[in-house]
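Written below as structure tokens is the structure these notes are about.
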Amino acid sequence: MANNRINRISSEYMQALAACMRTLKDPRVQGFVSITRCEVTNDLRYAKVFISVLGDEKAAKDAMRGLRSAVGYLRREVAQKVGLRAAPEPVFHLDDSIQHGAEILSVLTGIENAPVAPPVTVHYTAEEAAKLLSERDNFLIITHRRPDGDTLGSAAALCLALRELEKEAYLLPNPDVTPKYGWLVDGLEAEEGFVPETVLSVDVADLSLFPENAKEYQYRVDLSIDHHNTSRAFSRALWCKSGAAATGELILELLDLLEVELDENLADALYTAVSTDTGCFKFSNVTANTFLTAARCAEAGADIAGLNLELFIIKTPARMKLEGAAQANMLFHENGRIAIVKITRALIEELGVTVDDQDGVAAIPRNVEGVDIGMTLTEQEDGSIKVSVRTSNRINAADICAKFAGGGHRAAAGCTMHTDIDDAAEQLLAAARDILK
């Protein structure tokens, strides 16, 4: 019975004290303090009052000082409310159980939401890559953002080859695929709900190049196949051959190891890969093996003339106008050694330029006699600036782009900048000047 009485008094005391605390004018207490529990002693002399304080450690200390200075007033007011001749004296204690619980919850939430740690990457040989492909099944192949002919052609050829081996293989749908390359992925894209056993990436040098719908696989890539000398490891295994002009060359090497015969479809895909990444065999990255790869494709029935016509010769009226504008508005610096072209959204919309129309424009400033560094800046719909850098054999384009978290090859590299196009041009010009020095 005594315990029931004390419990009842404690409850009433707590309610009365909370009401009285709300009348305090002390700014240290107003709006910051709440009572979590109250324990009245059996002799009714004291009430142990636990409080929580909204705010930092300083706010808690200030609130405790304010309450302790108001003990006399609170005791008198509570006595009147609960009908006691002398109410217990409140003894305030800071209740850190809520904060402690919040900290534990924060830690647990952090663990749950923490990004998966990137795997330790093992560097594979061609033979080890082929062995993995022969032993695994249910493949999903990832291509990079703003896909070009190399990433799509290589992915398509690899997917077709795996199907020739009677394996289930699909490409992850890439939302940036344009009509120019749409034929490469036709019939190869995974349907929604497909759960892969093995995830591959082709021609993807860095996680930043993953399309948005590929982010869930960023640390689940079992094998990355790439040819960029700036390739940053993110997969469980990486086969990178930086001396190759295109990833398509590596895919043909894998096909040979897997004993997959090159047919017309595979040949069209691989020829697209190697020809587009070399500017139709005009760039300095071309090697003897590049020509051998193209010859193998021709021998297997690739439509060389038709592909060259569609990929490099035929141009839309909008593309022709874009080239004219790029040439007319080109800016030269350092006695003509640096050339810059800026393609704004306003110009793109005025001319009705598509993404396909922009393909290859990056080569224009470098085509001018005397230019060692040609830079093309294209304003994107989201306001970012896509930068393409082309250089002579005396200058490393990747060194320039690396200053802006980009990369690529010695003669051709790129990056994305999040500023306005004029500021981006100034920053790139400064970086290019440093390189020339």
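The values are calculated or read from the model by the stated rules, or taken from the named source; none is laboratory data. Bear in mind that the values here come from a model prediction, so they are computed numbers and not experimental data. So basically every Cβ, Gly included, is an ideal-geometry build from the backbone, and we count neighbours across all protein chains shown. These accessible areas exclude ligands, DNA and RNA; they are computed on the full protein's heavy atoms, side chains included. Shrake-Rupley method; radii C 1.70, N 1.55, O 1.52, S 1.80 Å.
Tabulated results
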| item | result |
| --- | --- |
| Contour minus Cα-Cα distance for Lys61 and His123 (0.36 nm per residue) | 16.6 nm |
| Anisotropy class of the range 299-342 from Cα gyration tensor, a/c 1.5 cut | oblate |
| Global geometry of the range 237-296, whether rounded, prolate or oblate, following the gyration tensor of its Cα atoms and the 1.5 cut on a/c | oblate |
| Relative packing of 356-365, 60-69, which averages over residues the other C-beta atoms within 10 Å, highest first | 356-365, 60-69 |
| Estimated FRET transfer efficiency when R0 is 60 angstrom, pair Glu369-Leu54 (beta carbons, to 0.05) | 0.30 |
| Gain upon complete extension [Lys25, Glu212; 0.36 nm per residue less C-alpha separation] | 61.9 nm |
| Under the Karplus curve 6.51 cos²θ - 1.76 cosθ + 1.60, θ = phi - 60°, whole-Hz ³J(HN,Hα) for the range 203-209, x wherever Gly or Pro sits | 6, 10, 8, 7, 4, 5, 8 |
| Residue-wise HN-Hα coupling along the range 378-384, computed from phi with Karplus coefficients 6.51, -1.76, 1.60 (Hz; x: Gly, Pro) | 10, 6, 8, 4, 7, x, 6 |
| Within the chain, helix-based [θ] at 222 nm, where runs of 4 or more DSSP H residues each add -39,500 (n - 2.57), nearest 500 | -12500 deg cm²/dmol |
| Solvent-accessible area, 1.4 Å probe, carbon plus sulfur percent, for the range 12-62 | 53 percent |
| Label-to-label distance, nm, for residues given as Asn265 and Glu189 (7 Å Cα→Cβ offset) | 1.7 nm |
| Distance in nm between pseudo-label sites at Glu381 and Tyr219 (7 Å out along the Cβ direction from Cα) | 3.2 nm |
| Shape call, the range 196-344: gyration tensor on alpha carbons, a/c limit 1.5 | oblate |
| Highest to lowest packing among 229-240, 416-427, scored as the average C-beta count within 10 Å | 229-240, 416-427 |
| Inter-label distance, nm, simple model (7 Å from Cα along the C-beta direction), Arg45/Glu164 | 9.5 nm |
| Accessible area of the range 277-344 belonging to carbon and sulfur atoms, whole % at 1.4 Å probe | 59 percent |
| Answer label, with log10 I(q)/I(0) by the Debye sum over Cα atoms at q = 0.06, 0.09, 0.10, 0.14 Å⁻¹ calculated from the coordinates and candidates [x] -0.24, -0.54, -0.67, -1.33; [y] -0.45, -0.65, -0.73, -1.24; [z] -0.29, -0.65, -0.79, -1.33 | [y] |
| Accessible-area ranking of Met330, Met14, Met375, largest first, probe 1.4 Å | Met14, Met330, Met375 |
| Residues whose placed amide H lies under 5 Å from that of Glu189, excluding near-sequence neighbours | Leu171 |
| Percent carbon-and-sulfur accessible area, the range 226-274, ignoring ligands, DNA and RNA, probe 1.4 Å | 36 percent |
| Model label zone, Arg85; criterion: amide N under 18 Å from point 7 Å along Cα-to-beta-carbon; scope the range 14-54 | 42-46 |
| Alpha-carbon centroid distance for the pair the range 216-241 / the range 310-362, whole angstrom | 32 Å |
| Solvent-accessible area per residue for the chain (1.4 angstrom probe, square angstrom) | 51 Å² |
| Binned Cα-Cα distances of the range 257-384, short to long, each 10 Å bin given as a whole percent | 11, 33, 30, 19, 6, 0 |
| 15 Å reach of a label modelled at Leu436, 7 Å along Cα-to-Cβ, counting backbone N of the range 332-346 | 332-341 |
| Full-stretch length increase - Ile304, Gln427 - with 0.36 nm per residue and alpha-carbon distance subtracted | 40.2 nm |
| Per-selection metrics, the range 129-182 (Cα): Rg and Dmax in Å | 11.7, 34 |
| Largest-first ordering by accessible area, 1.4 Å probe, given options Phe332, Phe404 | Phe332, Phe404 |
